[in-house]
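Working notes for the structure below.
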Amino acid sequence: MDTTRYDAVIVGGGAAGLSAATTLGRALRSVLVIDSGTPRNAAAAGVHGFLSRDGMAPRELLSVGRREVLSYGGTVIDGEAVSARQTPEGFEVLIADGRRFFGRRLLVTTGLTDELPPIAGLREQWGKGVVHCPYCHGWEIRGQRIGVLGTGPLSVHQALLFRQWSRNVTLFLNDAVEPTDEEWEKLAARSVTVVDGAVSAVDAVDGVLTGLTLRQGSAFEVQALAVGTRMEARSALLESLGLRPQLHPSGAGRFIETDDMGATDVHGVYAAGNVSNLMAQVIVAAAEGVVTGARINADLIEEETRWAVEGHFGPFSAASEAAVAKVVLDHRSHGFDDGHKAADLGPAATVES
C-alpha cells in the first residue's frame, strides 16, 4: 500500500485532471493522478476547438499532458478508482487492484458516458459517421448530406445548428420528437427536411456510413449522422462520498453540481470537466482543471496558514489562551498582587514557558 500522503489525489486523467495536476505541480504540490484510460473522446479522430492543438489525436494530447505533469513532479498511475472515504487527514481512494492512496484533497474528473439509442449499427459508427457536436465535427462534414437522429426535445435545436454547415439537413423524428408549431416554422424557414417514423438501423458499407433505414422499410441516404446522446456523469466515486448527480436543466443528462471553482458540497472534494459540466468541450474541461487546481491550492494554503498560526501561539486556541490568562491574572487586579501563588493553579502555571 502506498502510504504517501499527497496534497491532492486526482481521479481521471483527461484534459481536466491533467490540467489541474499541472497547475498544482507548478504550485509545488505533491499530486497523484489515477487514470482508468477510458477517455470519452477515444473514438474521435482528433480534438477540435483547442487552440494550437487542433486535429491532434485524443490519446496524443493526453500523452503530452502526462509528460507535463511528470515534469513538475506529479505522479500518474493507471487504475480504476472504485471508492473513496473521508479520513481525519483527508481522503482515502481505493482502486480496483486493492491499492489505496491518500490525499488531503480529492478532485474527480472522471467525465461522462454517452448513452446511445438502441439502434442497430449506431454504436459501430460512433466517432466516425455518427457525431454529436457541430463545433467538434461540423467543419469535417460541411456540405454533406447530414441526418439528425431525433432523441428528445433538443434534437430540433441540433438540426438548426447543423444547418449552418450544410444546406442538406434531414431531421428524423424517430418517434422521439414532436416539434412545436414554432419549431415547425423554424425548420421550414431553414429548409430542414423532416422525416416521420422510427429508425431501425444505421447503414454502412465497408465501415462507411451510407444512410438510415426506418422500421417501416424506407431507406434514406446520409453521409453523416448527428445524435444527441443522453449524457451521464461518471459519478460512482463521488456517490461513495454521499454526492448525488442532478438532472441537467436541459434534460440532456445528469451531472455533479459544484460552485464556480469546482467545489462540491463535501468539504475537500472537487469536480471538474464533463463530470460537472456536460457541455464542456476539451479546451473548456482543461480550463476548468486549471481553475479548480488553483482553488485547491488556495484551500491548502488557507489550511496551512491556520496550522502555522496555531503553531505560533502554542497548543491553545485564542479563546483558551484568553481563559488561561484570565485565571492567571485575575488575582493581580489593576496591577496589585493579592498574594495568591501561581503554583496553586496547576498546569496552567506553565503557560508562559
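The values are calculated or read from the model by the stated rules, or taken from the named source; none is laboratory data. Bear in mind that the values here come from a model prediction, so they are computed numbers and not experimental data. Cβ sites come from the backbone with ideal geometry, for glycine too, and all protein chains shown count toward neighbours. Please note that ligands, DNA and RNA were not included when accessible areas were found on the heavy atoms of the full protein model with its side chains. Shrake-Rupley method; radii C 1.70, N 1.55, O 1.52, S 1.80 Å.
For the stretch 186-202, does any single residue satisfy the condition of being on the phi > 0 side of the Ramachandran plot, open to solvent by 50 Å² or more (accessible area, probe 1.4 Å) and without any contact (Cβ under 8 Å) to a residue 12 or more places away in the chain? Show your work before the answer.
First, the residues of the stretch 186-202 that are on the phi > 0 side of the Ramachandran plot: 191, 197.
Now drop any that are not open to solvent by 50 Å² or more (accessible area, probe 1.4 Å), which leaves 191.
With the extra rule that they be without any contact (Cβ under 8 Å) to a residue 12 or more places away in the chain, the set shrinks to none.
No, because not a single residue in the stretch 186-202 is on the phi > 0 side of the Ramachandran plot, open to solvent by 50 Å² or more (accessible area, probe 1.4 Å) and without any contact (Cβ under 8 Å) to a residue 12 or more places away in the chain.
Scan the stretch 83-97 and tell me whether some residue there is under 30 Å from TRP139 (Cβ atoms) and open to solvent by less than 20 Å² (accessible area, probe 1.4 Å). No - not one qualifying residue is present in the stretch 83-97. For the stretch 101-132, a residue qualifies if it is open to solvent by less than 30 Å² (accessible area, probe 1.4 Å), assigned to a strand (DSSP E or B), out of contact with any Leu (no Cβ under 9 Å at 6 or more places or on another chain) and more than 30 Å from LEU24 (Cα to Cα), but none of them does. Against the numbered list (1) surrounded by 14 or more Cβ atoms within 10 Å (Cβ to Cβ); (2) at positive phi, ASP206 comes up short only at (1).
Would you mind stating whether ILE283 is open to solvent by 50 Å² or more (accessible area, probe 1.4 Å) and touching a residue at least 60 places away in the same chain (Cβ under 8 Å)? Spell out the reasoning first.
On the way: open to solvent by 50 Å² or more (accessible area, probe 1.4 Å): yes; touching a residue at least 60 places away in the same chain (Cβ under 8 Å): yes.
Yes, satisfied.
Looking at the stretch 29-49, is at least one residue buried (at least 18 other Cβ atoms within 10 Å of the Cβ), closer than 20 Å to ALA294 by Cβ and hydroxyl-bearing (Ser, Thr, Tyr)? For the stretch 29-49, residues buried (at least 18 other Cβ atoms within 10 Å of the Cβ), closer than 20 Å to ALA294 by Cβ and hydroxyl-bearing (Ser, Thr, Tyr): absent.
Note on the stretch 133-146: residues that are among the aliphatic types (A, V, I, L, M) and loosely packed, with under 15 Cβ neighbours inside 10 Å total 0.
Just the residues that are without any contact (Cβ under 8 Å) to a residue 40 or more places away in the chain and either aliphatic (A, V, I, L, M) or over 30 Å from THR193 (Cα atoms) (or both), please, taken from the stretch 221-258. Hits for the stretch 221-258 are GLU239, GLY242, LEU243, ARG244, PRO245, GLN246, LEU247, ARG254, GLU257, THR258.
Residues being in contact with a Gly (Cβ under 6 Å, 6 or more places away or on another chain), small (Gly, Ala, Ser) and in a strand (DSSP E or B) are represented in the stretch 189-201 by at least one member.
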